[in-house]
1. Just check the range 49-166 against the gyration tensor rule for me: Cα atoms, a ≥ b ≥ c as the square roots of the eigenvalues, rounded for a/c under 1.5, and otherwise prolate or oblate depending on whether a/b exceeds b/c.
2. Amide H of Gly238: which non-local residues (sequence gap of 5 or more, or other chain) have their own amide H closer than 5 Å, using H built in the peptide plane?
3. Given springs between every Cα pair under 10 Å in a Gaussian network model of the chain, which of Val82, Val218, Val299 has the largest fluctuation?
4. What percentage of the solvent-accessible surface of the range 124-248, computed with a 1.4 Å probe over protein heavy atoms, is contributed by carbon and sulfur atoms?
5. Output the peptides 152-159, 233-240, 276-283, 260-267 sorted from most to least packed, where packing is the average of other Cβ atoms within 10 Å over each peptide's residues.
6. Solvent-accessible area per residue for the range 31-110 at a 1.4 Å probe radius, Å²?
7. For the chain, set up a GNM with springs between Cα atoms under 10 Å and report which of Ala60, Ala204, Ala124 has the largest fluctuation.
8. Using +1 at the Cβ of each Lys and Arg and -1 at the Cβ of each Asp and Glu in the chain, identify which of Met316, Met236, Gln51 lies farthest towards the dipole's positive end.
Amino acid sequence: MAKIVTFNRTGGPDVLGITDMAVAAPATGEVQIRVKAIGINRAEVMYRTGQYVIEPQFPAKLGYEAAGIIEAVGADVSEFVVGDNVSVIPSFMFTEYGMYGELVNAPAHAVVKHPENLTFVEAAASWMMFITAYGALVEYGHLQAEQFIVMGAASSSVGIAAIQIANMLGARPIALSRTSHKNEWLRNAGAEAVIATTEQDLTAELNMLTQGAGVNLVFDPVGGPDVAKLAAAMAMNGTFYQYGALDARDLSIPVMDILGKHLQFRGYELFEITTDAEKMARAKAFVYDGLKSGQLKPVIDKTFVFEEIAEAHRYMEANGQVGKIVVTL
């Protein structure tokens with residue numbers, strides 16, 4: 001028997017409960033993991049509240065990211081052995097697997113050995129955010145040294161990951177935040193410049209920072225009216241990756257900016273990378289090397305113990321974190 005987080009109806013954090021459940025032996029192509037730490041993600045909050053891309057099937061499990069120790073391996077699994085320290089990368093649906101538990105099964109393709117220099121807390125906080133940023137910046141965006149990249153909601157875990165990857169590539173990261181409250185923190189985190197979108201003229205600031213050359217790549221989870229302001233400051237052949245909709249209002253983009261500068265606007269999600277074997281392999285290698293070298297390092301905002309899983313969700317919903325929320329076991 002193992003303690004597993006489940007919920008039987010959508011709603012607030014209080015719907016989450018911890019239940020003693022039997023965990024089956026890993027099936028073909030699966031591994032079983034004794035979990036040491038769990039990374040909390042916005043998608044899990046959305047799933048719990050019934051606002052995610054799939055509907056919960058009750059009793060529902062949840063959880064995309066975990067780090068722990070291999071306890072058993074199923075048939076046809078050769079790359080892992082009992083005792084390996086591993087992390088889980090989101091590449092499955094919550095209706096298939098859930099990582100919120102003491103003992104969990106996961107598909108082997110979603111599991112990776114993490115560098116020895118990482119703690120379990122750091123490992124649980126790394127893979128989703130770094131691979132999300134990697135996909136847009138590297139796999140698709142081909143970000144180059146000295147190019148300008150703008151990150152919306154830059155103090156989020158993915159925003160911080162994008163800043164670190166941009167610096168790893170020698171690019172020039174510009175961070176966006178609603179107010180100037182986090183300016184110093186974001187500069188210390190590696191941003192070349194920070195713009196407070198509710199306090200400053202976004203287009204004018206970007207034109208000044210790029211000396212009129214424009215922004216080559218935008219990586220944004222917000223959307224809304226600021227997209228038009230960003231488009232006005234983009235460079236010729238610039239690309240805009242929209243990977244979220246924190247502002248659900250429709251985008252309004254001047255057609256002449258698109259036509260005159262040959263701009264590309266593209267929706268993007270993590271699963272484009274993690275459900276493609278070749279892209280996933282490249283992402284694992286890139287992130288592993290970055291973590292091992294120390295050029296990539298997760299920022300942990302706060303940790304909770306397993307019994308405080310509802311409180312961890314409540315804390316995420318307050319939107320005050322800078323970096324990753326992790327639950328420990």
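1. Working: a/c = 2.18, a/b = 1.41, b/c = 1.54.
It comes out oblate by the Cα gyration axes.
2. Gln264
3. The residue that fluctuates most here is Val82.
4. Values: 2160 of 4410 Å².
Looking at the range 124-248 in its full context, I get 49 percent from C and S.
5. Highest to lowest by the protection proxy: 152-159, 233-240, 276-283, 260-267.
6. On the way: 2840 Å² over 80 residues.
Heavy-atom accessible area per residue stands at 36 Å².
7. Ala204
8. Working it through, the farthest residue towards the positive pole turns out to be Met236.
The values are calculated or read from the model by the stated rules, or taken from the named source; none is laboratory data. For clarity, every value in this text was computed on a predicted model and none was experimentally measured. Reconstructed Cβ throughout: ideal geometry from the backbone, glycine too, with neighbour counts over all protein chains shown. For accessibility, only protein heavy atoms count, side chains too; no ligands or nucleic acids. Shrake-Rupley method; radii C 1.70, N 1.55, O 1.52, S 1.80 Å.
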